[in-house]
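Structure, as structure tokens:
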Amino acid sequence: MSKWIRQIHRWVAIAFTLTVIANFVALAVRKAQPPAWVTYSPLLPLGLLLFTGLYLFVLPYTTKWRRPPDTDRMSSAD
């Protein structure tokens, strides 16, 4: 599952970058304020990036927490 989340995170990052670029182009081309949907279009990919990024950040800690302690390391310390 984390492989899919990683892939989704990468593609959403590309979509976010493109929407931000489109936003700057719309600001540069138009003398007036661009429509609200252009201004707010990066927010959906940004929200998805937040959740997938938090999941990927917490993933190593949760797998370490679920794994039982390594008994070989403890016995070699004696």
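The values are calculated or read from the model by the stated rules, or taken from the named source; none is laboratory data. Computed from a predicted structure; not experimentally measured. Backbone-built Cβ (ideal geometry, glycine too); neighbour counts: all protein chains shown.
Select from the range 1-25 the residues that are modelled with pLDDT of 95 or more and aromatic (Phe, Trp, Tyr) and list them in ascending order. Hits for the range 1-25 are Trp11, Phe16.
Exactly one residue out of Tyr55, Tyr61 is modelled with pLDDT under 90 and either assigned to a helix (DSSP H, G or I) or on the phi > 0 side of the Ramachandran plot (or both), and it is Tyr61.
Scan the range 18-52 for residues that are assigned to a helix (DSSP H, G or I) and more than 12 Å from the chain's Cα centre (by Cα) and the total you get is 18.
Looking across the range 19-31, the residues that are within 22 Å of Gly47 (Cα to Cα) and surrounded by 13 or more Cβ atoms within 10 Å (Cβ to Cβ) come down to Thr19, Val20, Ala22, Asn23, Ala26.
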